[in-house]
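Report on the structure given below.
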Amino acid sequence: MSNNNSYHVSESGHYGEFGGAYIPEMLYANVEEIRTKYLDIIAEPDFQEEFNSLLKDYVGRPSPLYLAKTISEKYGANIYLKREDLNHTGAHKINNTIGQILLAKRLGKKRIIAETGAGQHGVATATVCALMNLECIVYMGAVDIVRQAPNVARMQMLGAKVVPAESGSKTLKDATNEAIRDWINNAEITHYIIGSAIGPHPYPDMVTRFQAIVSEEIQWQLKEKTGKDHPDYVIACVGGGSNAAGAFYHFLHDDRVKLILAEAAGKGIDSGHSAATSILGTKGIIHGCMTLLMQTADGQIVEPYSLSAGLDYPGIGPMHAHLIKSGRATVYAATDDEAMQAVIQLSRSEGIIPALETAHALAILDRIPFKEDDNVVVNLSGRGDKDLNTYLTYIEDHKIQL
Amino acid sequence: MKTIRQTIIEKGNNILNVYFTAGHPTLESTEIIMKSLADTGVDLIELGMPYSDPLADGPTIQRSSEIALKNGQTISNIFQNVKNIRKTHQIPIIMMGYFNQMLQYGAERFISDAHLSGIQGLIIPDMPMEIYERDYQNLFIEYQMEISFLVTPMTSHERIFQADRLSSAFLYIVSQSSITGNQSGISDEQLAYFGAIQSMNLQSPTLIGFGIHDKETREIANKYSNGAIVGSAFIRTLENSKDYSATIQSFMSRLESQ
Ligand SMILES: Cc1ncc(COP(=O)(O)O)c(C=O)c1O
């Protein structure tokens, strides 16, 4: 059904003026195969059964919804953390890779490729490939290989081949370019597991559907805890936008729920070293979809910057571009320094070390005018084990007294 | 001036279309290379607009694009290059780039400026045929801009007919399912695919590209279509060239049958 007021994807693969599939002919057959089959495959009872049982027994879902007392007091609202960090492999990314590996099997694909920034999606892909005994190749920017070294080791331990992307700023965008080129070269036998709500239609919608379990659980968990089935706010960090899409999904058309995105300002929005796509970006095409991206007047993509590898991306998923442009979601940008403050604060006050990406969602809490009995859900998208080296170096460099 | 399609149809076979990235190795080289190609008897020039993120391109074109952008290449400058050589040379020129470049420049302004500079055709590999037909075909017709769509070994018959119908320059037959610059030789499977397209009685002339790099691969392209498109192999010879004209002559003789 096409509904112009919908925040869901349209029949043609669009979210308002964003989305679509702008791909060279070499990828048409593959993307078309997924587009024509994904909804039917996902709806099959045996798919649903396998998906749900893996999420429960393998991933460890449902992930807890935890009322964080100290930060609730600090910000003057009931702040719940949706503990995606407690999933197997340590982030929300595995919800999507479980779904896509089951799809890949049903499409008869023998070879799996993925891009990764922070390495969480790479680890989640390597994990499901080990589980399903499929070949796994992960593209990762050379800069990210250094700053997220623990995840590189995990991928190797799981039997995946990690291939460095050496072009551009050697980060997530460049890893995605390399993965797409691999897909063109090996289209017939390969499924590309995109790790965020980006790429040509139907990827943003497919990834969103696999992540939608997050908001589905928030609904009943919050009801159990508060008697209300909806929060007043849902807050998530946004790189490409998969954890945010999952946390928002069941509330998209519920006007009682304010949707908040946190993007990476890097060294500051106007510093020339930023990944604040919604502010610095304009409408254009990146990785096969129409969305907001950082680019020059000539349409050249601008290299982004964020201390956080998972948010260091010059685009944003088309669903979020639409949510932002239509006013349904509000975006705040947090700098590296603000995110680091939030990391230290959550570690010390709640005993939870968040991923650097996730910390951006925590860093903007003081800018939102909460009312005292507001129920606020922050999607705690991942844990910070992978970032410990970055954290300790930062603390030392900035002579922070703990 | 003759259209690209007329040029191909009149000569009929052994068409040679040479691709290179505008602004590589240097900004100044673009006009010299175009003139030199025309003077050496090349039939068609395919001018690449360097892009920051060329998804369908292999390492050679990635590198040439990066260098061209570092040299400060812009779309306006490419239009100016073409305008300049039009004073002396009539060789048909088709420009190839990514859809985002055309959109950011402004689609109508882009097509109109390309036309005014003397560019006769465009290849935009990531512009979907459906979008072209819905939003841009009328503009292309208005500005007498020709277009070529790509087909690959994975393209269905139905889509090959669609690409044939919408292409006003030639139909671009991508020789293998790969990015540009792959030189793995031509398999029996590929020959069967070329043969199948040949027997479809398409209305457009056809050129085979991707992986054409020597006499043998060019001969195959000539046999199964109206001719060949050579890109990465040519760009590689330019990389260390001191004398573009001499480099181009020796490269062309490598592609000629005895
Ligand atoms: C823990 C964590 N959160 C968030 C992200 C950002 O991705 P997305 O915007 O798709 O949720 C990443 C990406 O690597 C991540 O590892």
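Against the conditions (1) assigned to a helix (DSSP H, G or I); (2) modelled with pLDDT under 95, where does B:Ile186 fall short? Just the number, please.
(1)
Give all pairs with beta carbons closer than 6 Å in which a residue from the range A:310-322 that is within 15 Å of A:Val9 (Cα to Cα) and within 14 Å of chain B (Cβ to nearest Cβ) meets a residue that is within 11 Å of the ligand (Cβ to nearest atom) and modelled with pLDDT under 95; count only pairs at least 6 apart in sequence or on separate chains.
Listed by first residue and then by second, the contacts come to nothing, as the list is empty.
Of the conditions (1) within 17 Å of the chain's Cα centre (by Cα); (2) more than 23 Å from A:Leu356 (Cβ to Cβ); (3) in a loop (DSSP other than H, G, I, E, B), A:Ala275 clears all except one; give me its number.
Status for A:Ala275: all satisfied but (2).
Out of curiosity, is A:Ser306 within 16 Å of the ligand (Cβ to nearest atom), on the phi < 0 side of the Ramachandran plot and surrounded by fewer than 24 Cβ atoms within 10 Å (Cβ to Cβ)?
When the stated conditions are applied, A:Ser306 does not pass them.
Can you name the number of the only condition in (1) among the small types (Gly, Ala, Ser); (2) surrounded by fewer than 22 Cβ atoms within 10 Å (Cβ to Cβ); (3) touching a helix residue (DSSP H, G or I) at 6+ places or on another chain (Cβ under 6 Å) that B:Gly72 fails?
The one condition B:Gly72 does not meet is (3).
Checking the conditions here, which among B:Asp164, B:Asp113 is under 25 Å from B:Thr30 (Cα atoms), buried (at least 17 other Cβ atoms within 10 Å of the Cβ), acidic (Asp, Glu) and free of Cβ contacts under 8 Å to residues at least 60 places away in the same chain?
Residue meeting the stated conditions: B:Asp113.
Identify all residues within the range A:103-156 that are assigned to a loop (DSSP other than H, G, I, E, B) and within 19 Å of the chain's Cα centre (by Cα); write none if there are none.
A:Gly117, A:Ala118, A:Gly119, A:Gln148
If the requirement is being within 17 Å of A:Val377 (Cβ to Cβ), in contact with an Asp or Glu (Cβ under 9 Å, 6 or more places away or on another chain) and either more than 11 Å from the ligand (Cβ to nearest atom) or at pLDDT 95 or above (or both), which of these qualifies: A:Gly246, A:Gly195?
A:Gly246
Go through (1) surrounded by fewer than 24 Cβ atoms within 10 Å (Cβ to Cβ); (2) away from chain B (no Cβ under 14 Å); (3) within 21 Å of the chain's Cα centre (by Cα); (4) in contact (Cβ under 8 Å) with a residue 24 or more places away in the chain one by one and return the number of the condition A:Gly281 breaks.
It fails just one condition, (2).
Can you name the residue in the range A:352-382 that is outside any loop (DSSP other than H, G, I, E, B) and under 13 Å from A:Gln148 (Cβ atoms) and is also farthest from the ligand (Cβ to nearest atom) among such residues?
My answer is A:Leu356.
Would you confirm whether any residue within the range A:12-33 is within 22 Å of A:Asp254 (Cα to Cα), at pLDDT 95 or above and among the acidic types (Asp, Glu)?
Yes.
Report yes if A:Ser10 is buried (at least 16 other Cβ atoms within 10 Å of the Cβ) and away from every other protein chain (no Cβ under 14 Å), otherwise no.
So A:Ser10 fits the description; yes.
Where in the range B:41-113 are the helices (runs of 4 or more DSSP H), entirely inside, with at least 3 residues that are more than 13 Å from chain A (Cβ to nearest Cβ)?
Filter on the range B:41-113 gives B:75-86.
Residues of the range B:1-44 being closer than 23 Å to B:Phe210 by Cβ, surrounded by fewer than 17 Cβ atoms within 10 Å (Cβ to Cβ) and among the polar types (S, T, N, Q), which ones?
B:Asn13, B:Asn14, B:Thr40
Checking the structure you have, find out if any residue of the range A:203-220 is touching a strand residue (DSSP E or B) at 6+ places or on another chain (Cβ under 6 Å) and either within 14 Å of chain B (Cβ to nearest Cβ) or part of a loop (DSSP other than H, G, I, E, B) (or both).
Checked against the condition, which is being touching a strand residue (DSSP E or B) at 6+ places or on another chain (Cβ under 6 Å) and either within 14 Å of chain B (Cβ to nearest Cβ) or part of a loop (DSSP other than H, G, I, E, B) (or both), the range A:203-220 yields no hits at all.
Yes or no: A:Leu392 over 16 Å from A:Val234 (Cβ atoms) and either more than 16 Å from the ligand (Cβ to nearest atom) or touching a residue at least 40 places away in the same chain (Cβ under 8 Å) (or both)?
Judged against the criteria, A:Leu392 is a match.
Could you give every pair whose Cβ atoms fall below 6 Å, whose first residue belongs to the range A:230-244 and is within 12 Å of A:Leu365 (Cα to Cα), and whose second residue is near the ligand (Cβ under 7 Å from one of its atoms) and polar (S, T, N, Q), counting only separations of at least 6 or pairs across chains?
A:Ala236/A:Asn243; A:Cys237/A:Thr358
Quick one: is A:Ala342 within 16 Å of the ligand (Cβ to nearest atom), without any contact (Cβ under 8 Å) to a residue 24 or more places away in the chain, outside any loop (DSSP other than H, G, I, E, B) and away from every other protein chain (no Cβ under 14 Å)?
So A:Ala342 fits the description; yes.
Does the range A:145-157 contain any residue that is surrounded by 24 or more Cβ atoms within 10 Å (Cβ to Cβ), closer than 21 Å to A:His191 by Cα and either more than 16 Å from the ligand (Cβ to nearest atom) or among the small types (Gly, Ala, Ser) (or both)?
Taking every residue of the range A:145-157 in turn, none turns out to be surrounded by 24 or more Cβ atoms within 10 Å (Cβ to Cβ), closer than 21 Å to A:His191 by Cα and either more than 16 Å from the ligand (Cβ to nearest atom) or among the small types (Gly, Ala, Ser) (or both).
Hey, can you tell me all the residues within the range A:102-127 that are without any contact (Cβ under 8 Å) to a residue 40 or more places away in the chain and more than 16 Å from the ligand (Cβ to nearest atom)?
Of everything in the range A:102-127, those that are without any contact (Cβ under 8 Å) to a residue 40 or more places away in the chain and more than 16 Å from the ligand (Cβ to nearest atom) turn out to be A:Lys105, A:Gly108.
Scan the range B:197-222 for residues that are among the small types (Gly, Ala, Ser) and surrounded by 13 or more Cβ atoms within 10 Å (Cβ to Cβ) and jot them down.
Within the range B:197-222, B:Ser204, B:Gly209, B:Gly211, B:Ala221 qualify.
Pick from the range A:157-192 the residues that are part of a loop (DSSP other than H, G, I, E, B) and within 12 Å of chain B (Cβ to nearest Cβ): which of them is nearest to A:Ala275 (Cα to Cα)?
Among residues in the range A:157-192 that are part of a loop (DSSP other than H, G, I, E, B) and within 12 Å of chain B (Cβ to nearest Cβ), the one nearest to A:Ala275 (Cα to Cα) is A:Ser169.
Looking only at the range B:122-173, count how many residues are closer than 25 Å to B:Gly195 by Cβ, within 13 Å of chain A (Cβ to nearest Cβ) and part of a loop (DSSP other than H, G, I, E, B).
Counting residues in the range B:122-173 that are closer than 25 Å to B:Gly195 by Cβ, within 13 Å of chain A (Cβ to nearest Cβ) and part of a loop (DSSP other than H, G, I, E, B) gives 9.
The values are calculated or read from the model by the stated rules, or taken from the named source; none is laboratory data. This structure is a prediction, so every number in the text was calculated from the model and none was measured. Using ideal geometry, Cβ is built from the backbone for each residue, glycine included, and neighbour counts are taken over all protein chains shown.
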